[in-house]
Structures are given as C-alpha cells and as structure tokens.
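Participant: Handing you this structure, nothing more for now.
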Amino acid sequence: MPDLGTAQTIRWFALAAALSYLAVGVTHLLLPRDQLHLSKGISPRFFESLATSSRLFRLHYWLFVAASLSALGVALGLSNLIGSESLLGRMANVLGVAGLLVASLDYALMQSHALRLSRGFLTSGEQARAALVAAGLSRIDPTGLFSFALVGAWFAAVASHILRSSLLPHGLGWLGLAGAAMYEIVFLGTVLHVGALVDIAAAAGCVVVGPAWFIWLSLALG
C-alpha cells in the first residue's frame, strides 16, 4: 500500500484534485438554474428539470465526489505538515479529513436521492408532489458545515503553516488562504440562501483558485 505521505503520491492526488475541481466549476456554471438547489432549496422546477435532463447534474455531482476524494488524498499526505506542529494544527487536519469524507458521501447520496425522486415526480399527483418538495433531499450535511466550512478551515491551516515555514513557496500559502475563503463563501451562500455567493465561489474557487493551488503544490513537491 503506497505511503500517502510521500511527495510523489501527494503530487498525483493534487493533479487529480485540480482537474476534478476545474470540471466541478465548469459543470456548475453550465447546470440549468433550476437544478442549483444548495442555496435556493428544493422546488417543483428542480424535480421537473431533473426529470427532463439529468446527465449534466449526474456528472457534476460525481465530479464533486472525485474532487473531494482527491483532496482527501492530499490532506492525508500533508498530515505531517500541519499535524505535528500544534494541537490546533492536528485538530484542523482531523476536521479537514472528516469534512472531505463527509462531502464525498453527501454528494453521492444526494444525487442518487434526487434522481430517484425525479423519476416519479411528473407522474405523481399534486399532493404527492407537494410532499416531495416539502421533504426535500436526504442529506448528511445539510448546511455544508463539514463539506465547506471545515474544509475551508483546513485549507487555511495548511496555508498558514506554509507561510510560517520554508518548506513550500509562500505564494502557495497566500493562494491557499484565497481558496479557504472560497470554501467559506460557499458555506455562507448555502446557509444564507444567497445563490450569487455560491456562483462566485464556483467560478473563482473551482475554476481558478483551487486548480491553481493544487497544480502549484504538485509542481512544488516535484
């Protein structure tokens, strides 16, 4: 079993995360607006849109699972970087790993549940439709606390360590802080039901900041 702490293994996980996050950002921007439910909540149009076309939705969610698992590999590989410095660093690492694991599970289950419900939505009666909308989707992280807030805190902890040490370029630390901010913006957009915040973070974080950070990390470890 390969040692996740080796630089070479981290590099491969980082490249996989860069490509996955880039694809997540692009597919988010291409999704029909009715299928963007994290900030707006579930509506009849959500299920109607999925029943009509679900291919991009399915791809987007599986890409997010792949991105989370790839970032999880990076987090495990970098555990020694922040894990041995302080209690706060060890806590941030544990919470980041937990957040990425929860994110992968949450998105896999959420898309499966959404697709299953949408298949029968159009043929259901009015009362059944209302009940489906009111019930929403089954989630293990409904506010994004683990998937976004805690993962953002982990990014901030790693970035702060980079800035305090000479192991990696300090520019990588500053870019990591920007990535951490993108995660927290998604969390705020989800909790406050502000779709524009989620869109901004998807465009800036997934398409630009996240891939750039992971690619730079991979190159710095080469």
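Rundown of residues vs (1) of a type in the set (A, V, I, L, M); (2) farther than 22 Å from LEU19 by Cβ; (3) surrounded by fewer than 18 Cβ atoms within 10 Å (Cβ to Cβ); (4) modelled with pLDDT of 90 or more, yes/no style:
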residue: VAL151; (1), (2), (3), (4): yes, no, no, yes
residue: ARG164; (1), (2), (3), (4): no, yes, yes, no
residue: GLU184; (1), (2), (3), (4): no, yes, no, yes
residue: LEU197; (1), (2), (3), (4): yes, yes, no, yes
residue: GLY205; (1), (2), (3), (4): no, no, no, yes
residue: TRP213; (1), (2), (3), (4): no, no, no, yes
residue: SER218; (1), (2), (3), (4): no, no, no, yes
residue: GLY222; (1), (2), (3), (4): no, no, yes, no
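Participant: Among the residues of region 115-141, write down those that are modelled with pLDDT of 90 or more and not in a helix (DSSP H, G or I).
Facilitator: Residues satisfying the conditions are ILE140, ASP141.
Participant: Within the set of pairs 6+ apart or on separate chains, which have a first residue in region 150-171 that is touching a residue at least 12 places away in the same chain (Cβ under 8 Å), a second that is in a helix (DSSP H, G or I) and acidic (Asp, Glu), and C-beta atoms under 6 Å apart?
Facilitator: GLY152/GLU184
Participant: Restricting to region 1-45, name every residue that is touching a Pro at 6+ places or on another chain (Cβ under 6 Å) and modelled with pLDDT of 90 or more.
Facilitator: Residues satisfying the conditions are ALA18, TYR21, LEU22.
Participant: Still on this structure: Let me confirm something: among LEU50, LEU38, which residue is under 30 Å from VAL133 (Cα atoms), in contact with a helix residue (DSSP H, G or I) (Cβ under 9 Å, 6 or more places away or on another chain) and outside any helix (DSSP H, G or I)?
Facilitator: Criteria check complete, one pass: LEU38.
Participant: For ARG90, which of the numbered conditions (1) under 23 Å from SER70 (Cα atoms); (2) touching a residue at least 12 places away in the same chain (Cβ under 8 Å) fails to hold?
Facilitator: So ARG90 meets the others, but not (2).
Participant: Among residues belonging to region 186-195 that are assigned to a helix (DSSP H, G or I) and not β-branched (Val, Ile, Thr), point out the one that is surrounded by the fewest Cβ atoms within 10 Å (Cβ to Cβ).
Facilitator: So the residue we want is LEU192.
Participant: Further, regarding this structure: Restricting region 60-76 to residues that are of a type in the set (A, V, I, L, M, F, W, C) and within 13 Å of LEU109 (Cα to Cα), which is surrounded by the fewest Cβ atoms within 10 Å (Cβ to Cβ)?
Facilitator: Per the stated criteria, the residue is TRP62.
The values are calculated or read from the model by the stated rules, or taken from the named source; none is laboratory data. Not measured: the values here are computed from a predicted model. Please note: Cβ atoms are built from the backbone with ideal geometry, for glycine as well, and neighbour counts cover all protein chains shown.
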